[in-house]
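Notes follow once the structure below has been shown.
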């Protein structure tokens, strides 16, 4: 099956700092998403980005499918950005199961 | 984005009882839903793919007789943990894909078996 590796596993930042989270995957995929899991366990959709670049406020993401990686950028981090960030990939666009990485735990200190 | 609900959010039960968890897609139809479990400080582990009108597809190592899945309509899938034991205590999360392929998750169910 597909292997998904996220780095770094843990990241501690001071409020206001920028960060880059990485997701490497072992096979060609047609579906890639970034999620933020909040302290109550809810997974919040950040980006659906099988390829290209997207931006939403302080967050942006880039997927280079041919090189099998995706990056999530967080700028001007806030304490509310703390939590676990997951990357999930799937071979098929519409119905295939996803494989999750182990996540990056982000802690933003005031 | 699409909304997926899950009920109950938290359940505590005695060992040996069965627990049913419901997952609903509120504003879209989902022919396929997914059930995950998550242990503390770990990633999500896919348990099974729930297919509307047919049998679920279980991942290797997941007991289908232990974790019964029913997907009777395009908006509802249920997971029943049968004869629950303390080792079944976990966070169970369902998800569904919209027509574009984006996956949306329910809020999860925290199961504690005493």
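Laid out as a table, the results:
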read-out	value
Exclusive hit being buried (at least 18 other Cβ atoms within 10 Å of the Cβ) and away from chain B (no Cβ under 14 Å), set A:77, A:28	A:77
Residue match in the stretch B:58-67 (condition: touching a strand residue (DSSP E or B) at 6+ places or on another chain (Cβ under 6 Å), on the phi < 0 side of the Ramachandran plot and within 10 Å of another protein chain (Cβ to nearest Cβ))	yes
Number of positions in the stretch B:57-84 that are closer than 26 Å to residue B:29 by Cβ and assigned to a loop (DSSP other than H, G, I, E, B)	5
Which numbered condition residue B:95 misses (of (1) more than 14 Å from chain A (Cβ to nearest Cβ); (2) under 16 Å from residue B:34 (Cα atoms))	(1)
Which numbered condition residue A:105 fails, given (1) touching a helix residue (DSSP H, G or I) at 6+ places or on another chain (Cβ under 8 Å); (2) at the interface with chain B (Cβ under 10 Å from one of its Cβ atoms); (3) more than 30 Å from residue B:51 (Cβ to Cβ)	(1)
Meets criteria (more than 14 Å from the chain's Cα centre (by Cα), surrounded by fewer than 19 Cβ atoms within 10 Å (Cβ to Cβ) and away from chain A (no Cβ under 14 Å)) for residue B:26	yes
Residue list for the stretch A:35-52, filter: more than 10 Å from chain B (Cβ to nearest Cβ) and more than 18 Å from residue A:74 (Cβ to Cβ)	A:51, A:52
Which numbered condition residue B:54 fails, given (1) assigned to a loop (DSSP other than H, G, I, E, B); (2) modelled with pLDDT of 95 or more; (3) surrounded by fewer than 17 Cβ atoms within 10 Å (Cβ to Cβ)	(2)
Enumeration of residues in the stretch A:46-77 that are in contact with a strand residue (DSSP E or B) (Cβ under 6 Å, 6 or more places away or on another chain), in a loop (DSSP other than H, G, I, E, B) and touching a residue at least 24 places away in the same chain (Cβ under 8 Å)	A:50, A:68, A:77
Residues being surrounded by fewer than 18 Cβ atoms within 10 Å (Cβ to Cβ) and modelled with pLDDT of 95 or more - total across the stretch A:94-109	4
Test: residue A:91 is within 30 Å of residue B:48 (Cα to Cα), more than 7 Å from chain B (Cβ to nearest Cβ), modelled with pLDDT under 95 and surrounded by fewer than 21 Cβ atoms within 10 Å (Cβ to Cβ)	yes
Total residues in the stretch B:1-23, condition within 11 Å of chain A (Cβ to nearest Cβ) and farther than 14 Å from residue B:75 by Cα	3
Hits in the stretch B:25-46 (condition: in a strand (DSSP E or B) and without any contact (Cβ under 8 Å) to a residue 40 or more places away in the chain)	B:45, B:46
Candidates B:87, B:22 - the one that is in a strand (DSSP E or B) and touching a strand residue (DSSP E or B) at 6+ places or on another chain (Cβ under 9 Å)	B:22
Filter pass, residue B:48 being within 11 Å of chain A (Cβ to nearest Cβ), farther than 17 Å from residue B:111 by Cα, over 11 Å from the mean Cα position of the chain (by Cα) and buried (at least 18 other Cβ atoms within 10 Å of the Cβ)	no
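The values are calculated or read from the model by the stated rules, or taken from the named source; none is laboratory data. Everything numeric here is computed off the predicted structure, so don't read it as measured data. Glycine also receives a Cβ, built like all others from the backbone with ideal geometry; neighbour counts cover every protein chain displayed.
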